[in-house]
1. Compute the helix-to-body angle for 192-206: its Cα long axis versus the longest principal axis of the chain, expressed 0 to 90° and rounded to tens.
2. Compute the Cα gyration tensor for the chain, then decide on rounded, prolate or oblate, letting a ≥ b ≥ c be the square roots of its eigenvalues: rounded whenever a/c is under 1.5, prolate when a/b is larger than b/c in the other cases, and oblate in all that remain.
3. With every atom except the alpha carbons ignored, what do you get for Rg and Dmax of the range 234-442, in angstroms?
4. Once fully extended, how much extra length lies between E245 and M1, figured as 0.36 nm per residue of separation less the alpha-carbon to alpha-carbon distance?
5. Looking at the chain, what % of its DSSP beta bridges pair antiparallel, to the nearest 5?
6. Relative to the longest principal axis of the chain, what angle (0 to 90°, nearest 10) does the C-alpha long axis of helix 21-33 take?
7. On a 0 to 90 degree scale, rounded to 10, what angle separates helix 426-442 from the longest Cα axis of the chain?
8. Does the range 56-112 come out rounded, prolate or oblate, given a ≥ b ≥ c as the square roots of the eigenvalues of its C-alpha gyration tensor, rounded meaning a/c under 1.5 and, failing that, prolate meaning a/b above b/c?
Amino acid sequence: MSRLVVVSNRTADPRKTAAGGLAVAVRESLQRTGGLWFGWSGKIRGDPDGIDGQSGVHIQTFGNVSLATVDLTQQDHDTYYLGYANGVLWPVFHYRLDLADFDTRFSAGYRRVNQLFAHKLLPLLKPDDLIWVHDYHLIPLAAELRAMGCGNRIGFFLHIPMPPPMIMAAIPEHEWLMRSLFAYDLVGFQGHVDLGHFRHYVESEAHAMPIGPQRLRAFNRTLQVDAYPIGIDVDEFVGLANAKEGRDMFARMREEYSRRRLLVGVDRLDYSKGLPQRVHAFRELLAHYPENRDSATLIQIASPSRESVGAYDDLRRQMDSLCGAINGDYGELDWMPVRYIHRNVARKRLPGLYRASRVALVTPLRDGMNLVAKEFIAAQDPADPGMLVLSRFAGAAEQLKEALLVNPYDAQGTAHAIQRALTMPQEERINRHAALMKRIRQQDVHWWSRSFLDALAEAPQDERV
Ligand code: ADQ
């Protein structure tokens, strides 16, 4: 069995379930193969290390899993992480060209850090390691490793959306980025929409030839591509909902909001998540369906995120003002329509909150997948489940057809769907929830990592020179 090497911008202690996200997704495969997880330590160091050799690589061991991390200089952090990854790729891949800052220093820093990662990772590799690279921070990593002679199987998974070709083409280095993907053996996307955009890009910009349903030839290389929608650990989440803390939280919320209809939103404070549009839609609900006044309460948790990127600061101010206005305009002495919490909430408290809510609002303007949608479904009581109002622009909408799908830009349409969710008969809720639960169980996080890694292990490899 090949050892698994996971590479991502950040790593996490693979034993901790509290971390959620990628740690849960790759833990099992790392433990099964005695794997290695490589990434940035999260620390900034004063002096640059030499790019070659093992200086500056911190190795920690947790059972049979090793974590190897490197520090970044302030300049590398500002250009690679803040500048290119989060100031160019994140906005453009979420269709927000207006927020992108195409500064050439950023792309240079991005290349430099990908080269640094390749130089520091290469000496740690064994010949038959299976390498799995995650997300937009590290698109050119395989190309850098190949340039140094690495012949291992390398797969890449894009957690965020793939934009249509005309949007992608706005990035000055778009051709280099897309060519870099052809250094991998397998590239996975969240959904078929993303896969379609990638195919259109390489067909229109690089005259790619399809070779079979999942293989493309371009830039003199052959690449396997497919959609692998990421899931959650359903049993872990159901377990959290039934654990003491989950039950206590549920009981407290039910008591506190016994006379109210509770709605919930849980997100990172990010412009892709459609938070201002959600507050507008909720305002429309109060305006057009007055029976919700003095009753419907939206708890919106928006955890702080990337606060040193300018666009995030603007969003924070916008949310403060919109939530203040709706509470000022509609609030009563004993009822506030919106409880807006700009803080992290512990993962083990979320299931109880989800279960006590009649409706979840998961309404991003664009999202790779959105795991909150799946976590909300997993936390429900199957005999009396809450309803999910889901943006058609979340990757999860490709799978979760029994949710109420909305266009988050359409405040009135969204308000109408929220009203429908709040008033949906119990039998319809039960039927929809059962279908959704079946789907998230079939394609859970274990299915996701197994399918990707099986396909990577079997992907035909190009001859490497
Ligand atoms: P994110 O944009 O971070 O991830 P998402 O999938 O919604 O988005 O959340 C990831 C995890 O963070 C979930 O487990 C969720 O519970 C947790 N989380 C989010 N907000 C939280 C909050 N305020 N408090 C506590 N926990 C919170 C990126 C892509 C997504 C894709 C994932 C996984 O942007 O589209 O689904 O990667 O591939």
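The values are calculated or read from the model by the stated rules, or taken from the named source; none is laboratory data. Fair warning: this is a prediction, and the values are worked out from it, not measured in the lab. Please note: Cβ atoms are built from the backbone with ideal geometry, for glycine as well, and neighbour counts cover all protein chains shown. Protein only, heavy atoms only, side chains kept; ligands, DNA and RNA dropped before computing areas. Shrake-Rupley method; radii C 1.70, N 1.55, O 1.52, S 1.80 Å.
1. Helix 192-206 and the main axis of the chain meet at about 40 degrees.
2. It comes out prolate by the Cα gyration axes.
3. Cα radius of gyration and Dmax of the range 234-442 are 15.9, 47 Å respectively.
4. Gain on stretching E245 to M1: 84.0 nm.
5. Bridges in the chain are about 20 percent antiparallel.
6. 50 degrees
7. 10 degrees
8. Oblate, since a/c reaches 1.5 and b/c is not below a/b.
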